[in-house]
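Heads up: the structure comes next, in structure tokens.
The values are calculated or read from the model by the stated rules, or taken from the named source; none is laboratory data. Since the model is a prediction, treat every value here as computed from it, not as a measurement. Positions of Cβ are generated from backbone atoms using ideal geometry, with glycine treated the same way; all protein chains shown enter the neighbour counts. Each accessible area value is taken on the protein alone, full model and side chains, heavy atoms only, with ligands, DNA and RNA left out. Shrake-Rupley method; radii C 1.70, N 1.55, O 1.52, S 1.80 Å.
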Amino acid sequence: MTRITVAKGDGIGPEIMDATLAIIKAAGAQIEIDEIEVGEKVYLAGNTAGIAPEAWDTIRKNKIFLKAPITTPQGGGYKSLNVTTRKFLGLYANVRPCMSLHPFVSTKHPIMDLVIVRENEEDLYAGIEHQQTDEVVQCLKLISRPGCEKIVRYAFEYAKQQNRKKVTCFTKDNIMKQTDGLFHQVFDEIAKDYPEIENEHWIIDIGAAKMADTPEAFDVIVMPNLYGDVLSDVAAQITGSVGLAGSANIGEECAMFEAIHGSAPRRAGQNVANPSGLLQGAIMMLNHIGQTGVAEKVQNAWLKTLEEGIHTYDIFKEGTSKRKVSTTEFAEAVIANLGSQPSLLKSVSYANSSALQLPKYQRKNAAKKTLVGVDVFVHWGGSDANALADKVRQIEHSGLQLSMITNRGIKVWPDGFRETFCTDHWRCRFKPREGNEMKKTNILTLLEKANDQNIDTIKTENLYAFDGKAAYSLGQGQ
Ligand code: NAD
């Protein structure tokens, strides 16, 4: 018996959760349930996180959380409960299988069967954003070695367990050489531990185009958070419906399972929603807690039901479908099929599908880190980079001199182009003078002088070399 936490959520949430629980209990799931309240009501009661502190206690005690979609109220100030839960609980891997059910569910991609493994904790989702000047706001993209190693290893271990043949990595490391570059580098390193599994890397733009056009070319795809967020919805949609896909959010201790779709408020309370997405989440949960026999029984009954043309409105199609059913009727049909196998769709076997046991991340030896310069960001309303250079060079001192100015990344001094459009957000790069060693105090002196000269510095970014290798981007055009 496993004690799990359940949240019925908002909109169609309670209906699809009731259907899902009815199915898995009828299949023999050995679960005890603690129900918690999350979502709209909790937000509107003044809790900006959408969850009460006592509910966290239950989630952390039980470690396994089955969650229906919630509605985030309109208007500012509400934090995404999903993002908070994933990060608080360290749920680093988001696993979303996307499979076509041709010819029973209409799709342009009849032989699609891929799994998106999305990094779930970092990237632009750190939510660290600032307005720095009148014209410019920034969002910090954080990619860590542990984050990359954990997710990439998860993808390969998942592929190995599920007998999948290939792991593909999507990044944009031709542009983001440090952040996406690290993700790609770690992918190449870890791929070497799995010689039996094919590996490849695609630049995300053409990779995404290929996935939307020829999804059968892919098997497991691993990617950073934002790309995975977008592309897992694309992948689910092109199988026929976002209403069919579930997702697992896996951490070292805790795990959360859900449907990928939202709370569909316009369909709420009508007993029409498709419970399949949440049911798929629940099946992944059963596998995760070792109840693989029950998971297998439910999945085969679900496939059989779809094959029989018993469809909710979202996938109902004249000609292919046989009977348009409500949420509860669909659940009853799946329950009636428990113990049956699909005839045309491939039946599943989950004998080897329980939670993956991954090694803990081992921190590497620290590299030799050398300070080699500083970028000072300046808010300045002028437009002539040469004029800014003249102003900024007044704060040069015996330790540091101005080496470059960029605007939105493109070099504008020295030798900028008159045509380059400039905002009020300038990066002034200072390097030590020939033969001088760089010290942190050089930066303090620089900032003091800038303050004296009324130069509006908005932030600094230290430039480092790690083991002698420059670890910062050049100016575009430098
Ligand atoms: P949505 O996924 O709720 O709905 C998109 C479309 O798909 C709608 O036409 C809807 O009717 C349909 N749909 C979704 N699930 C369905 C199902 N199971 N059966 C039949 N049809 C289904 O997305 P949205 O309308 O953009 O968002 C609605 C709310 O859900 C928002 O408040 C949003 O913040 C929230 N949301 C929550 C989650 C979550 O809790 N995991 C995820 C996404 C969106």
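For the residues GLU196, GLU157, the requirement of being assigned by TED's automatic domain parsing to the domain that holds GLU119, within 23 Å of LEU91 (Cα to Cα) and in contact (Cβ under 8 Å) with a residue 24 or more places away in the chain singles out GLU157.
Within region 240-297, the only residue that satisfies the criterion of being within 17 Å of LEU66 (Cβ to Cβ), near the ligand (Cβ under 8 Å from one of its atoms) and β-branched (Val, Ile, Thr) is ILE260.
If the requirement is being open to solvent by less than 20 Å² (accessible area, probe 1.4 Å) and either at pLDDT below 95 or touching a Cys at 6+ places or on another chain (Cβ under 6 Å) (or both), which of these qualifies: GLY77, GLY13, GLY39? Checking each option against the conditions leaves just GLY39.
Note on region 85-124: residues that are in a loop (DSSP other than H, G, I, E, B) and out of contact with any helix residue (DSSP H, G or I) (no Cβ under 6 Å at 6 or more places or on another chain) amount to 11. Being within 22 Å of ALA19 (Cα to Cα), touching a Lys or Arg at 6+ places or on another chain (Cβ under 7 Å) and either within 16 Å of the ligand (Cβ to nearest atom) or assigned by TED's automatic domain parsing to the domain that holds LYS25 (or both), is that true of even one residue in region 318-338? Yes, that holds for at least one residue. Being assigned by TED's automatic domain parsing to the domain that holds LYS141, in a helix (DSSP H, G or I), at negative phi and open to solvent by 30 Å² or more (accessible area, probe 1.4 Å) is a description that does not apply to ALA235. Each residue in region 454-475 was checked for being under 30 Å from ARG418 (Cβ atoms) and either loosely packed, with under 12 Cβ neighbours inside 10 Å or of a type in the set (Gly, Ala, Ser) (or both), and 4 pass.
Put simply, of THR2, THR20, THR71 the only residue that is away from the ligand (no atom under 16 Å from the Cβ), in the same structural domain as LEU279 (by TED's automatic domain parsing) and surrounded by 15 or more Cβ atoms within 10 Å (Cβ to Cβ) is THR2.
Does region 53-67 include one or more residues that are within 14 Å of the ligand (Cβ to nearest atom), touching a residue at least 40 places away in the same chain (Cβ under 8 Å) and of a type in the set (Phe, Trp, Tyr)? Yes, some residue in region 53-67 is within 14 Å of the ligand (Cβ to nearest atom), touching a residue at least 40 places away in the same chain (Cβ under 8 Å) and of a type in the set (Phe, Trp, Tyr). Within the set ALA45, ALA49, the sole residue that is away from the ligand (no atom under 15 Å from the Cβ), modelled with pLDDT under 95, of a type in the set (Gly, Ala, Ser) and open to solvent by 10 Å² or more (accessible area, probe 1.4 Å) turns out to be ALA45. Checked against (1) surrounded by fewer than 19 Cβ atoms within 10 Å (Cβ to Cβ); (2) closer than 18 Å to ARG393 by Cα, LYS439 meets all criteria but (2). The single condition from (1) touching a residue at least 40 places away in the same chain (Cβ under 8 Å); (2) under 16 Å from ASN120 (Cβ atoms) that PHE218 fails is (2).
Is it the case that some residue within region 382-389 is in contact with a strand residue (DSSP E or B) (Cβ under 7 Å, 6 or more places away or on another chain) and polar (S, T, N, Q)?
In the first step, residues of region 382-389 are kept if they are in contact with a strand residue (DSSP E or B) (Cβ under 7 Å, 6 or more places away or on another chain); the result is 385-386, 388-389.
Those still in the list that are polar (S, T, N, Q) too: 386.
Yes, that holds for at least one residue.
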